[in-house]
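Asker: Mind looking over this structure? Questions follow.
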Amino acid sequence: MNLLVTRNTFTPFSVGGTLAIDGQTFYTLEPPKRDEKPCAIPCGTYDVTIRWSEKHKRLVPHVENVPGFEEIEIHI
C-alpha cells in the first residue's frame, strides 16, 4: 500500500493538503511548525506501522524513521 501526501495550502496557521490511499483521497491539516521545526515530513518514502496511540487511545498508523521527528501519527 502506498500513501501519497500532497501539500498545497500554506498559511501562518496551518498547512493543508490531501492524502491519497488506494484510490481514495482525504484532506490533511498540519501545524505550520512545531518547536521551531517545520511541520512537513521531508519528501521521501517511509514505512508506516499500525500501533497503539496513548494520545488517541486507539490503534493509528505511525510514520516511521522520519528525520527530525518522532511519533508521527495519522489520525482524525
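The values are calculated or read from the model by the stated rules, or taken from the named source; none is laboratory data. Owing to the predicted nature of the structure, the values given are computational and were not obtained by experimental measurement. Cβ atoms come from the backbone with ideal geometry, glycine included; neighbour counts cover every protein chain shown. Keep in mind that these areas ignore ligands, DNA and RNA; they rest on the heavy atoms of the full protein, side chains included. Shrake-Rupley method; radii C 1.70, N 1.55, O 1.52, S 1.80 Å.
Asker: Per 0.36 nm of contour for each residue apart, how much would the distance between residue 29 and residue 54 grow if the chain were fully extended, relative to their Cα-Cα spacing? Kindly include the intermediate steps, with their values, before the conclusion.
Answerer: Working: separation 25, 0.36 × 25 = 9.00 nm, distance 2.07 nm.
So the chain would gain 6.9 nm between residue 29 and residue 54.
Asker: Take the chain, mark every one of the trypsin sites (Lys or Arg not before Pro) that falls in a DSSP loop and has at most 10 other Cβ within 10 Å, then report the longest stretch left between them, sites excluded. Working shown, then result.
Answerer: Details: sites that count: 55, 57.
The answer is 1-54.
Asker: In whole Hz, with x marking every Gly and Pro, tabulate ³J(HN,Hα) for segment 46-63 from phi via Karplus 6.51 cos²θ - 1.76 cosθ + 1.60, θ = phi - 60°.
Answerer: For segment 46-63, the Karplus curve yields 10, 6, 10, 10, 9, 9, 5, 10, 5, 5, 9, 6, 6, 6, 9, x, 10, 8 Hz.
Asker: If you average 1/r over every pair of different alpha-carbon atoms in the chain and take one over that average, what Kirkwood value in Å do you get?
Answerer: Working: mean 1/r = 0.0748 Å⁻¹.
In the chain this quantity evaluates to 13.4 Å.
Asker: Return the long-range amide H neighbours of residue 28 (sequence gap of 5 or more, or a different chain), with a cut-off of under 5 Å between placed amide H atoms.
Answerer: Answer set, sorted by chain and number: 17, 18, 19.
Asker: A further question follows. Before I look further, what does the chain give for accessible area per residue, probe 1.4 Å, in whole square angstrom?
Answerer: Numbers: 6030 Å² over 76 residues.
Accessible area per residue, the chain: 79 Å².
Asker: A follow-up question, please. Spin-label point model (7 Å from Cα, Cβ direction): what's the residue 10 to residue 47 distance in nm?
Answerer: For the pair residue 10/residue 47, the computed spacing is 3.1 nm.
Asker: Looking only at 64, 54, 30, which one moves most when the chain is put into a Gaussian network model with springs between Cα atoms under 10 Å?
Answerer: 54
Asker: Quick query: amide H of residue 72 versus all other amide H atoms, modeled in the peptide plane; which residues come in under 5 Å with a sequence gap of 5 or more or a different chain?
Answerer: Amide H to amide H, under 5 Å and 5 or more residues apart or across chains, residue 72 pairs with 63.
Asker: How big is the charge dipole of the chain about its Cα centre, in debye rounded to the nearest 20, if each Lys and Arg gets +1 on its Cβ and each Asp and Glu gets -1 on its Cβ?
Answerer: On the way: 8 positive and 10 negative charges, 42 e Å.
Roughly 200 debye, rounded to the nearest 20.
Asker: With a 1.4 Å probe and every protein chain kept in, tell me what percent of the accessible surface of the chain is carbon plus sulfur. Provide the component values of the computation, followed by the final result.
Answerer: Details: 3480 of 6030 Å².
So the carbon and sulfur contribution to the accessible surface is 58 percent.
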